[in-house]
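> Starting off with a structure, shown below.
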Amino acid sequence: MSIVLAIFLGLVILVLAAVAIYHKNLKVAIIATGVVGLFASVLFLLLAAPDVAMTEASIGSGLSTIIFFYVLNKIRQSND
Amino acid sequence: MTQYFTLEFIAMFIGFMLLIIGVWGMLTQKNLIKIVIGFSLFTTGLNIAIVSIAYIKNSTAPILDKAVDRASAGNLVADPIPQALVLTSIVIGLGVTALMLTYVLRMYKEKKSLDINSYTDLKW
Amino acid sequence: MIKKGLILLVLVGFVAIISSLLINFKGSEELNPLARHYAEHGAAEVGAANLVSAVVVTYRGFDTLGEVTILFLAAAIVGFFLKVNTRDNEREASLRKTSEILITASTLLIPTIFMLGVYIFMNGHLTPGGGFQGGAVIATGMVLMIMAKPNVKFNHKLLAFLESVSGVGFVVIGVLGVLLAAGFLDNRILPLGNFGSLLSAGAIPIIYVLIGLKVGSELTNILDSLKETQNEK
């Protein structure tokens, strides 16, 4: 059962990573990076590591996306 | 062949594929922010690969509570040492990503361009 | 053309190394001897129920000192590069007023988020959690406060004071471990107590409180420096 879940998570993670690299719109790419972090957190829980899952969910998926959006807003703001 | 369908092999495979996608993105993209996105994916993939080493078959989390009694903890819990390493690594990855984005901001303020081919000051 | 060839060469090299690692990988059936020692004797020696906390703070405490140093360095460099001279009178008038739902919900949610963060790092030795996770949750609460009230001003002196006191306190407890017990960051300088209660595991709760405050104030500093650049003309 957990193997099926891990294969499903793996497919979703790899598809979203390809979207994050190749999509033209930068906002979509940044959100795809955040969702990769979220699914990685679920994979950590399957691998019997709840400490690491909590850290990845709060730092890798929450704060990292916020910092990316601050920088993107500043660049777009001084563009027009 | 049956050794390739265990949970830890699949997780390590996912981690290494994410690492290769991240490195590919860092090497081929022109936009500065896409390069930093590639770096963030690279770090996440490496962390998944390291945690997959720590998994023992049919084990549970390394916390001693009612489900795991202290006497037989050696047979039931997963390996706690790579998990401690990955805890440190995730926080350091955030610090380095914040630093790279600060450099992107300053570079953009100098030349007003997000294309990496326009920063030719260091080329001879 | 040469650049594409070189990129392909680097990627082929990566794939070769990684596939040679993957083919010989075999999952283990039981713990290796070092991890078995930590699992069986960790509760008696350290007194913490969370084995990962015991490894991070006590058995491998020197690596935690290195991590705290790297975070401090990153926050200092970000604050140095993004220094801005704000004249924020003209900016305040042009910001759109935030919606009523956000303001009302944030007055209810922000104290709860802070309390959750403090709970996570105070119970770091009993349940999954610890200083780094609690600090990140507190910084996320600060982000909600920034979004609800865009012209909130953080007291920089208080944040700098908290950060430096926590850092110095962490090193002082480490040195006390060298003087009074067996090594750097040994937690037996305080009595071990009952296994599983809140005031157990020696000095680990104190170390986690200091790490949680330090990480929370550092991440808030980074976010505040990034927010101040939005106001710059």
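> For the structure I just gave you, tell me whether B:Phe5 is surrounded by fewer than 22 Cβ atoms within 10 Å (Cβ to Cβ) and within 22 Å of the chain's Cα centre (by Cα).
Criteria not met by B:Phe5.
> Take C:Leu31 and decide whether it is of a type outside the set (Gly, Ala, Ser) and surrounded by 14 or more Cβ atoms within 10 Å (Cβ to Cβ).
Answer is yes for this residue.
> If you take the residues of segment C:138-170 that are part of a helix (DSSP H, G or I), within 14 Å of chain A (Cβ to nearest Cβ) and of a type outside the set (A, V, I, L, M, F, W, C), which of them is farthest from C:Thr112 (Cα to Cα)?
Among those that are part of a helix (DSSP H, G or I), within 14 Å of chain A (Cβ to nearest Cβ) and of a type outside the set (A, V, I, L, M, F, W, C), it is C:Thr140.
> Please specify each residue of segment A:40-52 satisfying the condition of being assigned to a helix (DSSP H, G or I), more than 9 Å from the chain's Cα centre (by Cα) and not acidic (Asp, Glu).
Residues satisfying the conditions are A:Ser41, A:Val42, A:Leu43, A:Phe44, A:Leu45, A:Leu46, A:Pro50, A:Val52.
> Can you find even one residue in segment B:51-59 that is facing chain C (nearest Cβ under 8 Å) and crowded, with 16+ Cβ neighbours inside 10 Å?
yes
> Still on this structure, I have one more. Can C:Phe121 be described as under 29 Å from B:Ile63 (Cβ atoms) and at pLDDT below 80?
no
> Report whether or not B:Phe42 is more than 7 Å from chain A (Cβ to nearest Cβ), more than 12 Å from the chain's Cα centre (by Cα), free of Cβ contacts under 8 Å to residues at least 40 places away in the same chain and assigned to a helix (DSSP H, G or I).
No: the conditions fail for B:Phe42.
The rows are residues; the columns are (1) assigned to a helix (DSSP H, G or I); (2) buried (at least 19 other Cβ atoms within 10 Å of the Cβ); (3) of a type outside the set (Phe, Trp, Tyr); (4) within 10 Å of chain B (Cβ to nearest Cβ).
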position: A:Gly10; (1), (2), (3), (4): yes, yes, yes, yes
position: A:Ile13; (1), (2), (3), (4): yes, yes, yes, yes
position: A:Ile31; (1), (2), (3), (4): yes, no, yes, no
position: A:Gly34; (1), (2), (3), (4): yes, yes, yes, yes
position: A:Leu38; (1), (2), (3), (4): yes, no, yes, no
position: A:Met54; (1), (2), (3), (4): yes, yes, yes, yes
position: A:Val71; (1), (2), (3), (4): yes, yes, yes, yes
position: A:Asn79; (1), (2), (3), (4): no, no, yes, yes
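Yes or no, residue by residue, for (1) more than 7 Å from chain B (Cβ to nearest Cβ); (2) more than 32 Å from the chain's Cα centre (by Cα); (3) closer than 22 Å to C:Leu126 by Cβ; (4) surrounded by 14 or more Cβ atoms within 10 Å (Cβ to Cβ):
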position	(1), (2), (3), (4)
C:Lys3	yes, yes, no, no
C:Gly47	yes, no, yes, yes
C:Leu51	no, no, yes, yes
C:Gly66	yes, no, no, no
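> From the list A:Ala48, A:Ala6, A:Ala29, A:Ala20, exactly one residue is at positive phi and small (Gly, Ala, Ser). Which is it?
The unique qualifying residue is A:Ala48.
> Okay, next question. Which of (1) hydrophobic (A, V, I, L, M, F, W, C); (2) closer than 26 Å to C:Ile77 by Cα; (3) more than 14 Å from chain A (Cβ to nearest Cβ) is the odd one out, the single condition C:Ala181 does not satisfy?
(2)
> Go through segment B:26-37 and count every residue that is within 13 Å of chain C (Cβ to nearest Cβ) and part of a helix (DSSP H, G or I).
Adding up the residues that qualify gives 3.
> Given the condition part of a loop (DSSP other than H, G, I, E, B) and over 23 Å from C:Gly27 (Cα atoms), answer yes or no: does some residue in segment B:6-17 qualify?
Taking every residue of segment B:6-17 in turn, none turns out to be part of a loop (DSSP other than H, G, I, E, B) and over 23 Å from C:Gly27 (Cα atoms).
> Residues of segment C:37-60 being part of a helix (DSSP H, G or I) and at pLDDT below 85, which ones?
Hits for segment C:37-60 are C:Ala39, C:Glu40, C:His41, C:Gly42, C:Ala43, C:Ala44, C:Glu45.
> Quick one: count up the residues across segment B:18-43 that are closer than 21 Å to C:Gly5 by Cα and aromatic (Phe, Trp, Tyr).
Number satisfying all stated conditions: 1.
> Filtering segment C:15-28 down to residues that are loosely packed, with under 14 Cβ neighbours inside 10 Å and outside any helix (DSSP H, G or I), which residue is nearest to the other protein chains (Cβ to nearest Cβ)?
C:Lys26
> Also, I was wondering about something else. Being buried (at least 18 other Cβ atoms within 10 Å of the Cβ), over 12 Å from the mean Cα position of the chain (by Cα) and β-branched (Val, Ile, Thr) is the filter here; which residues of segment C:190-233 pass it?
Listed by number, the residues that qualify are C:Ile204, C:Ile207, C:Ile222, C:Thr229.
> Now a separate question. Would you confirm, using the coordinates I've provided, whether B:Lys30 is basic (Lys, Arg), modelled with pLDDT of 85 or more and in contact with an Asp or Glu (Cβ under 9 Å, 6 or more places away or on another chain)?
Yes.
> Follow-up. Examine segment B:78-101 for a residue that is more than 9 Å from chain C (Cβ to nearest Cβ), of a type in the set (Val, Ile, Thr) and in contact with a helix residue (DSSP H, G or I) (Cβ under 6 Å, 6 or more places away or on another chain), and state whether such a residue exists.
yes
The values are calculated or read from the model by the stated rules, or taken from the named source; none is laboratory data. Predicted, not measured: the structure shown is a model, and the values here were computed from it. Because the Cβ atoms are built from the backbone with ideal geometry, glycine has one as well, and the counts that use them run over all protein chains shown.
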